[in-house]
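Only one structure is covered here, and it is reproduced in the block below.
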Amino acid sequence: MTRIQANLVLLLAAAIWGGGFVAQSTAMKSIGPFWFIGLRFAIATIVVLPFVLLESRKAKAKTSPRHGKLYLLIGLCLFGGAVTQQIGLQTTTVTNSSFITGLYVVVVPLIAVAFLRRAPHWIVWPGAIMAVTGIYLLSGGQLSALSSGDLLTVVCAVFWAGQITLAGITVSETGRPLTLAATQFAVTAIGALGVAVIVEPISWEAVWLALPEILYVGIVASGLAFSLQIIGQRYTTPSQAAIFLSSEALFGASLGALLLGETMPPLGYAGCALMFAAMLLVEIVPEIARRRGLNRLASSPNLG
């Protein structure tokens with residue numbers, strides 16, 4: 001898979017997640033956040049598991065204890081992000097949630113510099129600023145006063161940044177994206193269901209009422225989209241991946257307006273354009289630099 005194809009895969013994952021914001025919001029009318037998260041990721045685990053078995057037969061590298069620890073850590077990051085986002089949606093809008101979640105586009109390169117000592121391609125920094133500005137413009141430049149849900153979603157963005165960074169590192173070492181996906185789903189499902197049994201009531205009627213949303217986010221927004229994310233990250237950097245994945249805010253805001261009646265202000269269209277420009281920049285500029293480097297090597301005299 002080429003880097004361009006990988007980034008398009010990440011864009012598809014972001015589009016699916018955008019629809020997930022709507023399903024997550026409407027499900028809260030019928031079921032508690034921990035039961036919703038637990039059932040969602042339990043379904044996702046079951047959906048991906050058969051493909052994990054096929055992947056293990058073809059895998060070239062064995063999973064080491066270090067990789068097992070990374071799988072667990074990634075699962076805990078996914079659990080933290082899912083919980084803070086889902087609870088946050090009880091007191092904030094889909095538009096605000098998708099905007100604030102997109103702040104991971106700034107946190108990911110900061111993690112790369114602070115903890116991994118890896119400087120991303122210089123275009124990532126202006127691209128990240130453009131993407132965040134575009135997401136902000138989706139709200140018309142006037143977010144409502146910060147609620148507890150908004151603050152929880154800020155924490156969610158940090159968890160997502162950790163998940164994106166660690167997933168990129170781990171899958172490049174193991175070559176097992178579906179094993180990683182299933183493991184993080186299982187960790188999140190076990191954690192959420194464990195908490196749900198203690199703190200939330202449940203009834204079959206509640207599950208039935210929220211079943212369409214549970215199935216969508218379990219099969220499509222989790223099982224499919226997170227697997228696409230991890231597969232795509234094998235062929236691109238975490239910082240570039242964050243730029244493309246941040247477009248979920250664009251899709252989330254658009255679907256929130258279409259399905260839930262949330263309005264998109266005129267500046268929102270400028271935000272969409274700015275986000276697409278950011279994605280094009282982080283895709284095109286490194287490719288141009290790479291080709292120029294190859295051309296210089298090809299045109300250099302053969303001194304051997």
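The values are calculated or read from the model by the stated rules, or taken from the named source; none is laboratory data. Note that the structure is predicted; figures quoted are calculated from it, not measured. Here the Cβ is made from the backbone with ideal geometry for all residues, glycine too, and neighbour counts use every protein chain on show.
Of the residues in region 248-270, how many are modelled with pLDDT of 75 or more and either among the acidic types (Asp, Glu) or under 19 Å from Trp125 (Cβ atoms) (or both)? Summing the residues that are modelled with pLDDT of 75 or more and either among the acidic types (Asp, Glu) or under 19 Å from Trp125 (Cβ atoms) (or both) in region 248-270 gives 1. In summary, Gly32 fulfils each of the numbered conditions (1) out of contact with any helix residue (DSSP H, G or I) (no Cβ under 6 Å at 6 or more places or on another chain); (2) under 23 Å from Thr183 (Cα atoms) with the single exception of condition (2). If you go through region 45-58 one residue at a time, do you hit one that is in contact (Cβ under 8 Å) with a residue 60 or more places away in the chain, among the small types (Gly, Ala, Ser) and not in a helix (DSSP H, G or I)? No, that holds for no residue.
Filtered by the rule that a residue be polar (S, T, N, Q) and within 21 Å of the chain's Cα centre (by Cα), region 35-76 gives a lone residue, Thr45. The requirement of being crowded, with 24+ Cβ neighbours inside 10 Å, modelled with pLDDT of 75 or more and in contact with a Gly (Cβ under 9 Å, 6 or more places away or on another chain) is satisfied by Thr101.
Residues that are modelled with pLDDT under 90, in a helix (DSSP H, G or I) and farther than 21 Å from Ser56 by Cα within region 164-206 comprise Ile164, Thr165, Trp204, Glu205, Ala206, listed in sequence order.
Take Leu10 and tell me if it is assigned to a helix (DSSP H, G or I) and surrounded by 19 or more Cβ atoms within 10 Å (Cβ to Cβ). Considered against the rule, which asks whether it is assigned to a helix (DSSP H, G or I) and surrounded by 19 or more Cβ atoms within 10 Å (Cβ to Cβ), Leu10 comes out as yes. Given the condition at pLDDT 85 or above and either surrounded by 20 or more Cβ atoms within 10 Å (Cβ to Cβ) or small (Gly, Ala, Ser) (or both), answer yes or no: does some residue in region 60-67 qualify? No.
Of all the numbered requirements in (1) surrounded by fewer than 22 Cβ atoms within 10 Å (Cβ to Cβ); (2) small (Gly, Ala, Ser); (3) closer than 25 Å to Pro50 by Cβ, Ala192 misses one, and that requirement is (1).
Of everything in region 134-153 that is under 30 Å from Phe115 (Cα atoms), of a type outside the set (Asp, Glu) and buried (at least 16 other Cβ atoms within 10 Å of the Cβ), the residue that is modelled with the lowest pLDDT is Ile135. Inspect region 68-81 for any residue being in contact (Cβ under 8 Å) with a residue 12 or more places away in the chain and in contact with a Lys or Arg (Cβ under 8 Å, 6 or more places away or on another chain) and give the result as yes or no. No, because not a single residue in region 68-81 is in contact (Cβ under 8 Å) with a residue 12 or more places away in the chain and in contact with a Lys or Arg (Cβ under 8 Å, 6 or more places away or on another chain). Look at Glu213 and say whether it is farther than 22 Å from Val9 by Cβ, at pLDDT 85 or above, crowded, with 23+ Cβ neighbours inside 10 Å and in contact with a Ser or Thr (Cβ under 9 Å, 6 or more places away or on another chain). Yes; evaluated as a whole, the condition is true for this residue. Residue pairs whose Cβ atoms lie under 7 Å apart, sitting 6 or more positions apart in sequence or on different chains, and linking a residue in region 278-303 that is closer than 22 Å to Tyr235 by Cα and modelled with pLDDT under 70 to a partner that is small (Gly, Ala, Ser) and surrounded by 10 or more Cβ atoms within 10 Å (Cβ to Cβ), are Met279/Ser247.
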